Amino acid sequence: GGSVQAQLNRNVVQVKLGAGKTVAETLASYSNDSSVEYAQPNYIYHVSAVPNSTKYAQQWAFKNTGQTILNTYTQPTGTAVTATHNGLGAGAVSGSDMNIEPAWGIISDCSNVVVAVVDSGVNYNNPDLTTNMWAGNAKHGTNFSGEGDATDPMDYAGHGTHVAGIIGADGNKTVAGLVTGVCWKANIMAVRVMDSTGSGTTAHIIQGINYAVTNGAKVINMSLGGSTFDQAFYDAITAAQTSDVVVVVAAGNSNSDNETTATYPCNYSQPNLICVAALDQAYALASFSNYGATSVDVGAPGTNILSTWAGTATTISESLTGGWIASGAATGGTGWAYGTFLDGNNVSQKALFDSNYTANANHRAYKNFNLSGKDAAIMNFYLAGVVNSGDSLNVNMKSSGGDPFSGGTNLVNGSFSSPSQFFSNSFAIGACNTAGCTLGFNLVSAAGSTGASGPLVAFFSIDTLTLNTTSYNTINGTSMASPAVAGLATMLRAYNPSYTYADVVNSIKNAGTATASLAGKTVTGKAVNVMSSLSYINTPTGLAAVVN
């Protein structure tokens, strides 16, 4: 194998590689020598590097000092930015983090690897992201969500922007910004497959995966999930495997065992797939995180995670006690009326309901909401009661004002027959972003239709988003744990350009830190460890012993 360079202690020597020998070949040779207890590379260490991000001290996932995570941040421009969190992280344990600072002394620039964020889009104008976006086209990606400009992956939900910041927010600023990602320099492809309500279809997701693979992404993050095995989705991940792409996904947020109740894509079985559970600041399994002894691979920080956001979110509340127009007159007569009902906790709640369900009904109720200047808006409400088969409850909007059932846009048309069940509804209404936007409900019944209790509308609100370049948010979820691992996968491929997807997966799984809360809850029982993964030597393959 080689020549002795130094006696490090009584049992350990430093050996110089023989002429023409590689590290892998030499390790294999010594490992097969019965007189050698163990052999390892002569690792190179560097001074730990720390990003100059203004709020790095709040990013406990990278350096956990047991700090309290705040919820209000000031962007360097002086603009106050509010971010919320739910208080998870009590009992934080200093040192329980991703062990990333030593790795940054070796590599922080991952821009030679394209990483795709297949999500709700990315606000590519955020100063933490703008220099780290994919340059494959003018919009840094594309949009398959079916909402908005099909060429523009701008984020109108916030989720994808948060994910992108965890992977690759600029950690060494030449522009104003607050946070850092796993990679300080990155090459983030924005692939929008989810609409502003956070929903997307099989077709949207498959198109997104295919686009990412075709355009050179070697890592894909998908912080999304559903409960149904989807063959087409499964096949798209297999196609990504064929193209040597690592796919990182979230375990789910139902505090459930994925072995009992499957969550996809986490429960898909391809070897290029890594499924991630969420850890809190004490490195316990987060209270909401799914787990699975054979389906969930590793854990990563997923509570109180500060990252980039798409814009300013507001909620317009509605009391359901006044201002609605019914059949051209103030609500309260025939048809729609104000009232109350007892919810599941026996608490009285305000509601709008049709008090006179009769045959040949065409009862309308609508109200004006000023949505001027909003880039995205989502109407939320609950429905209960019964609408007979053949009759319908229509929900419409109209941006120009007036009766939305006269020249407006229909959002839903249907019947329902479960009076004891509330149905939660959310509809994107960003196209109604005017001062005169009207939203309404319309009960239509057929001749002879009688006996139904009629519809009841409750808990009405409108969530809005105004895009900006100053918003950040602190949120929780396995959606936040997944991109931490996707960022690591990107770093590994950047540092080891010859790595296959299998090399990356092995390095992440095998080099993690054994964590008590993950024992029996994940495949490896480990939390990701960036420096250990970067130092991990994959088992040499393709070697053969030759007798001379």
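The values are calculated or read from the model by the stated rules, or taken from the named source; none is laboratory data. Keep in mind that this is a model prediction, so the values were computed, not measured. Note that we place each Cβ from the backbone using ideal geometry, even for glycine, and neighbour counts take in every protein chain shown. Side chains are part of the model used for accessible areas, which takes the heavy atoms of the whole protein and leaves out ligands, DNA and RNA. Shrake-Rupley method; radii C 1.70, N 1.55, O 1.52, S 1.80 Å.
Each part reduced to its alpha carbon centroid, region 1-42 and region 139-195 end up 45 Å apart. What angle, in degrees between 0 and 90 and rounded to the nearest 10, separates the Cα long axis of helix 231-242 from the longest principal axis of the Cα atoms of the chain? Value to nearest ten degrees: 30. When a 1.4 Å probe is rolled over the protein heavy atoms, the share of accessible surface on region 423-548 that falls to carbon and sulfur comes to 55 percent. Sorting 456-464, 97-105 by their mean Cβ neighbour count within 10 Å, with the most densely packed peptide first, gives 97-105, 456-464.
Computed from Cα positions, the angle between helix 159-168 and the longest principal axis of the chain comes to roughly 10 degrees. Ignoring any ligand, DNA or RNA, what whole percent of the accessible area of region 254-293 comes from carbon and sulfur when the probe is 1.4 angstrom? So the carbon and sulfur contribution to the accessible surface is 46 percent.
Highest average first, the peptides 221-231, 190-200 ordered by how many other beta carbon atoms sit within 10 Å of their residues are 190-200, 221-231. A dipole drawn for the chain from +1 and -1 charges on Cβ atoms has a positive end, and of GLY408, SER392, TYR268 the residue lying farthest that way is TYR268.
Here MET189 sits with roughly 0 square angstrom of accessible surface, probe radius 1.4 Å. Would region 208-357 count as rounded, prolate or oblate if I go by the C-alpha gyration tensor, calling it rounded below 1.5 in a/c and otherwise prolate when a/b exceeds b/c, oblate otherwise? Prolate, since a/c reaches 1.5 and a/b exceeds b/c. Mind sorting out which of (1) 112, 67, 43; (2) 163, 60, 37; (3) 97, 49, 45 is the real Cα extents along the principal axes in Å computed from the coordinates? Only one listed value fits the structure, namely (3).
Rounded to the nearest 10 degrees, the angle from helix 202-214 to the longest Cα principal axis of the chain is 30 degrees.
Rounded to the nearest 0.05, what FRET efficiency do SER94 and ASN356 give with R0 = 60 Å and r taken as the Cβ-Cβ distance? Could you check? Present the calculation step by step, with values, prior to reporting the outcome.
Values: r = 65 Å, r/R0 = 1.08.
It comes out at approximately 0.40.
Summing charges over neighbours of PRO41, with a neighbour being any other residue whose Cβ is under 14 Å away from its Cβ, gives +1 when K and R count +1 and D and E count -1.
Here LYS398 is the anchor, and the lysines within straight C-alpha reach of less than 26 Å, apart from those fewer than 8 places off in the same chain, are LYS350, LYS367, LYS374. Sorting the segments 366-373, 110-117 by their mean number of nearby beta carbons within 10 angstrom, highest to lowest, gives 110-117, 366-373.
Using just its DSSP H runs of length 4 or more, each adding -39500 (n - 2.57), the chain gives a mean residue ellipticity at 222 nm of -4500 deg cm²/dmol after division by all residues.
Ignoring ligands, DNA and RNA, what accessible area per residue does the chain give at 1.4 Å, in Å²?
Details: 22320 Å² over 548 residues.
Roughly 41 Å² per residue, with all protein chains present.
Taking the DSSP beta bridges in the chain as the whole, what percent of them are antiparallel, to the nearest 5? Could you put the intermediate results ahead of the total?
Numbers: 74 of 104 bridges.
Bridges in the chain are about 70 percent antiparallel.
Region 213-281 and region 474-492 have Cα centres spaced 13 Å apart.
Over region 390-504, what per residue volume does the convex hull of the Cα atoms give, in whole Å³?
Values: hull volume 27.0 nm³, N = 115.
Convex hull of Cα atoms, per residue: 235 Å³.
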